[in-house]
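See structure below.
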Amino acid sequence: MTPPIIAVTGPTACGKTALAVRIARRTDGEIISADSRQVYRRMDIGTGKDLGEYGEVPYHLIDICEPGTKYNLHRYVKDFHRALTEIRSRGKTPVLCGGTGLYLETVLSGVRLPDVPQNPGLRTELEGKSLAELTGILEGYKRLHNTTDVDTAQRAVRAIEIEEYYAAHPEEARAASRATASPLPHRLLLIDIPREERRRRISVRLESRLREGMVEEVKGLLDEGIPAADLIYYGLEYKYVTLYVTGQMDFENMKRRLEIEIHQFAKRQMTWFRGMERRGFSFLKVPFEELGHFSV
């Protein structure tokens, strides 16, 4: 039988990587990252890649594209299925690990996103419309669950283009919908860490990352010619350290604001995971205190 995917998730700084590596070693597995920022090369400290923890365990979807590019869900789904096929072809156990809830939920739902071609006629029709007008058009196709489709006019046009394609290709629309896709067999582990311990670990980890050279990492990326706006777009560490390096924020204010943002990010992650439960996902909750001797 094809082994189910073992998925390990939880809020930032809870110990996901260490648990996933231990599971992979016990199950003869390979790890697939479910982290939206670890895909970028040379963005190591701020994304918490912790590559030294993997040892001999093979990993996928880390360091696969250049900083400055806009990696997205569509690319992730394609890359995930490619990695999953490779792992299974070797008879290994796929271990999915990461805290990007959108990526995790989408692939476990079995969603497949088609390559939607450009529609020149539609683009001509939409040319010159304001972002508010484009948003209104898109809302006529679907309920907007997030703002990423409409943060620029270009993205909104592309989102409308995709919805128009789905309207003309209902079979591909069904494969792309979580409501009608066939979920992948999986076991979903959620590290259940107490709020105060999570906050403590976030603070300790931030101090560690600053000591390890997070500021120098950002300076190096800027020196390569990566635009500051692109690093700010990636959020959290890259946003605030870039603001500090470019003189828009002093060090202490940067550190304070960044710590607050990371705590808020962890709360949003937990909100997403609770939403997954409401949408039918079942978590095996792993108490943080038992991580050291948990086994599958």
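The values are calculated or read from the model by the stated rules, or taken from the named source; none is laboratory data. These numbers come from a predicted model, not from an experiment. Neighbour counts are summed over all protein chains in view; Cβ atoms, including those assigned to glycine, are modelled from backbone coordinates with ideal geometry. To get the accessible areas, we keep the full protein, side chains included, count just its heavy atoms, and leave off ligands, DNA and RNA. Shrake-Rupley method; radii C 1.70, N 1.55, O 1.52, S 1.80 Å.
Can you tell which of Ala175, Ala181 is modelled with pLDDT under 95 and part of a helix (DSSP H, G or I)? So that I can check it myself, show each step before the final result.
Working: Ala181 fails: part of a helix (DSSP H, G or I).
Of the residues listed, the single one that is modelled with pLDDT under 95 and part of a helix (DSSP H, G or I) is Ala175.
Applying the selection to the range 19-38, what residues are β-branched (Val, Ile, Thr) and surrounded by 24 or more Cβ atoms within 10 Å (Cβ to Cβ)?
Narrowing the range 19-38 to residues β-branched (Val, Ile, Thr): 21, 23, 27, 31-32.
Matches in the range 19-38: Ile31, Ile32.
Considering Arg211, Arg274, Arg256, which residue is within 21 Å of the chain's Cα centre (by Cα), part of a helix (DSSP H, G or I) and modelled with pLDDT of 95 or more?
Numbers: Arg211 fails: within 21 Å of the chain's Cα centre (by Cα); Arg256 fails: within 21 Å of the chain's Cα centre (by Cα).
Matching residue, one of Arg211, Arg274, Arg256: Arg274.
Within the range 165-196, which residues are touching a residue at least 40 places away in the same chain (Cβ under 8 Å) and open to solvent by 70 Å² or more (accessible area, probe 1.4 Å)?
Arg178, Ser182, Pro183, Pro185, Arg187, Asp192
Taking helices (runs of 4 or more DSSP H) that do not extend beyond the range 72-134, which have at least 2 residues that are under 21 Å from Pro4 (Cβ atoms)? Even if it seems obvious, please write down each step before you answer.
Values: elements: 73-89, 101-108, 120-126.
The qualifying helices (runs of 4 or more DSSP H) are 73-89, 101-108.
Do we have any residue at all in the range 253-260 that's in contact with an Asp or Glu (Cβ under 7 Å, 6 or more places away or on another chain) and either under 29 Å from Thr69 (Cα atoms) or free of Cβ contacts under 8 Å to residues at least 60 places away in the same chain (or both)? Steps first, please.
Going residue by residue through the range 253-260, those that are in contact with an Asp or Glu (Cβ under 7 Å, 6 or more places away or on another chain) are 258.
This time we only want the ones that are either under 29 Å from Thr69 (Cα atoms) or free of Cβ contacts under 8 Å to residues at least 60 places away in the same chain (or both), so: 258.
There is at least one residue in the range 253-260 that is in contact with an Asp or Glu (Cβ under 7 Å, 6 or more places away or on another chain) and either under 29 Å from Thr69 (Cα atoms) or free of Cβ contacts under 8 Å to residues at least 60 places away in the same chain (or both).
Taking the range 1-12 as the region of interest, how many residues are open to solvent by 10 Å² or more (accessible area, probe 1.4 Å) and under 15 Å from the mean Cα position of the chain (by Cα)?
Step one: list which residues in the range 1-12 are open to solvent by 10 Å² or more (accessible area, probe 1.4 Å), which gives 1-4, 6, 12.
From what is left, the residues that are under 15 Å from the mean Cα position of the chain (by Cα) are 12.
Number of matching residues: 1.
Filter the range 91-127 down to the residues that are under 19 Å from Lys78 (Cα atoms), of a type outside the set (S, T, N, Q) and surrounded by fewer than 15 Cβ atoms within 10 Å (Cβ to Cβ) and list them by number.
Within the range 91-127, Asp115, Pro117 meet the criteria.
For the range 141-171, which positions are at pLDDT 90 or above and either charged (D, E, K, R) or not in a helix (DSSP H, G or I) (or both)?
Arg158, Glu161, Glu163, Glu164, His169
Of all residues in the range 205-250, count the ones that are among the hydrophobic types (A, V, I, L, M, F, W, C), farther than 15 Å from Thr69 by Cα and in contact (Cβ under 8 Å) with a residue 12 or more places away in the chain.
Of the range 205-250, the ones among the hydrophobic types (A, V, I, L, M, F, W, C) are 206, 210, 214-215, 218, 221-222, 226, 228-229, 231-232, 236, 241, 243, 245, 249.
Those left that are additionally farther than 15 Å from Thr69 by Cα: 206, 210, 214-215, 218, 236, 241, 243, 245, 249.
Those still in the list that are in contact (Cβ under 8 Å) with a residue 12 or more places away in the chain too: 206, 210, 214-215, 218, 236, 241, 245.
Number of matching residues: 8.
Quick one: count up the residues across the range 217-271 that are among the β-branched types (Val, Ile, Thr) and loosely packed, with under 13 Cβ neighbours inside 10 Å. Even if it seems obvious, please write down each step before you answer.
If we filter the range 217-271 for residues that are among the β-branched types (Val, Ile, Thr), which is where we start, we get 218, 226, 232, 241-242, 245-246, 260, 262, 271.
Filter once more, keeping what is loosely packed, with under 13 Cβ neighbours inside 10 Å: 260, 271.
Residues meeting the conditions: 2.
Within the group Leu134, Leu73, which residue is open to solvent by less than 70 Å² (accessible area, probe 1.4 Å) and either β-branched (Val, Ile, Thr) or touching a residue at least 40 places away in the same chain (Cβ under 8 Å) (or both)? First the steps, then the outcome.
Details: Leu134 fails: either β-branched (Val, Ile, Thr) or touching a residue at least 40 places away in the same chain (Cβ under 8 Å) (or both).
Only one candidate qualifies: Leu73.
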